[in-house]
Every structure is written in C-alpha cells, then in structure tokens.
Amino acid sequence: MHELSLLENVRTILEEHARSQHFQIVDTITLEIGALSCVELDALRFAFEAVMKDSLAEHAELTFKRIEGQGRCFECGQLTPMRELYDVCVHCGHFRLEILSGLEMKITELKVR
Amino acid sequence: MCGICGCGDSGQSGKWVPVKSVNLSPLISYPLHHHGEESIDKSRLIQMEVDLLSKNDAYATKNRHYFQQHGVFVLNLVSSPGAGKTTLLVETIKVLKDVFPIAVIEGDQQTQHDADRIRATGVRALQINTGRACHLDAQGIGEAVIQLGIENNSFLAIENVGNLVCPSAFDLGEAHKVVVLSVTEGDDKPLKYADMFYAADVMIINKIDLLPYVDFDVARCIAFAQQVNPSIHILELSATKGDNFDEWTNWLRSSMQKAIKSHAP
C-alpha cells in the first residue's frame, strides 16, 4: 500500500503550494498516471479520503488522466504500445523496448480557491 | 431577506445567485450565494508538473550525493519475505569484513531480530521498524546514516522490508537495487512482480542448492527477468551452502573499488 505514502506526499505538496500561491481550499486534484506506473488507481481512491482528512483538500475531488504506455523497439526501431512492463514489440516480437511513456505519476492540475 | 446569511441586501443585480454547494459539516449542505460584483467565483486552476515521488526523490538525491562524497557503496536489497536477504548479508560480511568497512541498515515492520543477526558478525547495524509501513524511504535512510556513523570508503547494505511491491518505487540513494529471488518461490515472479524486476539492476537467484528438490526452472526465470529488464545482471548462488558465492563477493569487491576510485580526488 505505497499509495498511502504517495498521497501523503501529495498532501505536503498541496500545503506548500497553498502557502506560496495563496489558496485555502482545494476542490479538484488531477493526477497524471501512466499505465506502466506502479500505482493502483483503486488504491489511490481508497486511501485518498483518509489521507486528506482535516486538510485543505478534505472535500476535494480526485480525477485521473491516464497515460498509455508506449515503447520503442531496439530491434526494429518501431513504436509499440505497452500495457505491461514485460510486453514485447507488436511488430517483431522482440522484448528489448525503451519505454517512452507510461511511467508517469504526477500532479498536473489543481482547482483551488 | 436572505434566509441563510440574514443580510437584507437584495444585491446590485437584484437577485440571488447560487454559486455552488459546499459542505459546512458532513451532514448539512448549504447553497452559497453572493451579490453582484462581490459574486466573483474565487476558484482558479493551477497547472503544475510535480512527481508524486518528488519528496522521496529529493531526499534520495541528497543521500546519493553524501554516499558519493564519502566513497560509500550502497546496495538496497529487496525480495519477498524469506528469500534469504539476511543470510546473504551475514555470509557476505563473513567473507568481506576484513577487506573493507561494512555497515547495515535493516528494515522490518517489527523486531530487532535481523539487526541482532548482523551485529553478531561484528559489524554495525541499525534496525528501522517501519510499523505499518511497507517500505523504507529515503528520508528514513538519511536519518539512519547519521545515527549509524558510516565510515568513508565502506560498503553499506540496506535490507528493505520483505515485499516485492512497494519498495520498487522508493529510491533510497543506493547505487543498485538488488532483488533476491529464492528457488523455493515461483520462477515466474519476475513477471508477476514486474515493477521490482524493472527497478533492480541485479537479480540474485538464491538457494540453488535446493534446485533438485523444487520445481523451479532457472532458464525460464532468467528469460522472464530479461523480458522485463534486458540489462539486469544475474547471479545464481546459495548463501547457506556457498555455491557460486565467490561470483557475488567478487562483483561486490570490484563495485567497491569503482566507488572508492570515483571518490578519490
């Protein structure tokens, strides 16, 4: 359940931004989560309420932007979709892939007042 | 008069403007209202790009800098519970403790048992009990390093909490994550727990002396690990019986020499 630690980090980031950017309440938090990243969206949703309790984001809505996984094959050089870290190239079947996207875990937008 | 706030003003616009509902208590929801020019919705959007691991990564960078400055070669050992991390460390210390200084940070949810086993070999060890937490983090390691007092040009082993999931995400400032997989587990673990095998630079297949008694296909396991992480370095050994142990200690010696060399002015 490392999602709990990640959300504690989110809470700290919100508190820091509230001081530097002068807001008191967070209404919406948008996270960009890659399909190959190590977080479970359901676990994030589950832990969110507990972690944000008594914070400036106590009633905030959590929304996700899912980023698809994509790799470049070292063998044939083509781009290939990736749903898992162990996926092989859809063009030539080789498994040496450079991951270009899908590992993201970021806060990208806040709606605040 | 407004029935909620009691103000007698009908507003410059002459009508009430409901803005949105906010929960003033968990049970009651009031519509807010405002009047004319005062009625600007203060909500605004802030765009940002902040990694969810940014706090941990900042501490990890600080740790890594400290380790490089002091020639400390650091390994972060990860595995499921019972793969043999502590035994691997105890046997490693026996071989190398007179070659260079060694210190160990032990992570477990509870007990001092592992640190006691390490201390019995004569090297310094610090136990971190993570309580409910399922992994070590870089901030905790930074504090442990100060508490432990690590010598220059030494080897620091961090034994993470036995867990093949959560520790994969948390950089501690180590030179390498080393994942230990024992042959009493399934040979498909690299696929089942791909995040960890992707994050690790080295995989140790431990307890190979038990291969005749278990249904573990080493070649299949290696193929799976390379499918997740084509550049992973693989060692096969038995920590208790000593099979192939030299290969591991030689790898450690040469990695140590590189760390010391890069530290030297």
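The values are calculated or read from the model by the stated rules, or taken from the named source; none is laboratory data. Just so you know, these numbers come straight off a predicted model, no measurement behind them. Cβ atoms come from the backbone with ideal geometry, glycine included; neighbour counts cover every protein chain shown.
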Completion exercise
Scanning the stretch B:188-211 residue by residue, those within 14 Å of another protein chain (Cβ to nearest Cβ) and touching a Lys or Arg at 6+ places or on another chain (Cβ under 6 Å) turn out to be B:ALA199, B:ALA200
Practice task
Output the number of residues of the stretch A:48-59 satisfying the condition of being surrounded by 18 or more Cβ atoms within 10 Å (Cβ to Cβ) and assigned to a helix (DSSP H, G or I).
Solution key: 3
Exercise for the section: Select, from A:VAL51, A:VAL39, A:VAL112, the only residue that is closer than 18 Å to B:SER54 by Cα, touching a residue at least 24 places away in the same chain (Cβ under 8 Å) and over 11 Å from the mean Cα position of the chain (by Cα). Expected result: A:VAL51
Completion exercise
Selection from the stretch B:163-172 of residues part of a loop (DSSP other than H, G, I, E, B) and touching a strand residue (DSSP E or B) at 6+ places or on another chain (Cβ under 6 Å) yields B:LEU172
Problem - Answer from B:VAL78, B:VAL74 - the residue that is modelled with pLDDT of 95 or more, aliphatic (A, V, I, L, M) and in contact with a Gly (Cβ under 7 Å, 6 or more places away or on another chain) - result: B:VAL74
Practice task
Give just the number: which of (1) surrounded by fewer than 17 Cβ atoms within 10 Å (Cβ to Cβ); (2) modelled with pLDDT of 95 or more; (3) within 30 Å of B:VAL178 (Cβ to Cβ); (4) in contact with a helix residue (DSSP H, G or I) (Cβ under 9 Å, 6 or more places away or on another chain) does B:ALA60 not satisfy?
Solution key: (1)
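Table: residues versus (1) within 23 Å of the chain's Cα centre (by Cα); (2) over 23 Å from B:GLY173 (Cα atoms).
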| residue | (1), (2) |
| --- | --- |
| B:MET196 | yes, no |
| B:MET203 | yes, no |
| B:ASN206 | yes, yes |
| B:VAL214 | no, yes |
| B:ARG220 | no, yes |
| B:ALA239 | no, yes |
Practice task
State whether the residues of the stretch B:137-153 include one that is within 14 Å of chain A (Cβ to nearest Cβ), acidic (Asp, Glu) and crowded, with 23+ Cβ neighbours inside 10 Å.
Solution key: yes
Exercise for the section: Among what's in the stretch A:17-36 and is among the charged types (D, E, K, R) and more than 16 Å from B:GLU49 (Cα to Cα), pick the residue that is surrounded by the most Cβ atoms within 10 Å (Cβ to Cβ). Expected result: A:ASP27
Practice task
For the stretch A:80-96, state whether one or more residues are touching a Lys or Arg at 6+ places or on another chain (Cβ under 6 Å) and over 20 Å from B:ASP57 (Cα atoms).
Solution key: no
Exercise for the section: Go through B:ILE232, B:ILE260 for me and flag whichever is hydrophobic (A, V, I, L, M, F, W, C), farther than 20 Å from B:ALA199 by Cβ and within 26 Å of the chain's Cα centre (by Cα). Expected result: B:ILE260
Problem - B:VAL214 vs. criteria more than 14 Å from every other protein chain (Cβ to nearest Cβ), surrounded by fewer than 16 Cβ atoms within 10 Å (Cβ to Cβ) and either modelled with pLDDT under 95 or in contact with a helix residue (DSSP H, G or I) (Cβ under 8 Å, 6 or more places away or on another chain) (or both) - result: no
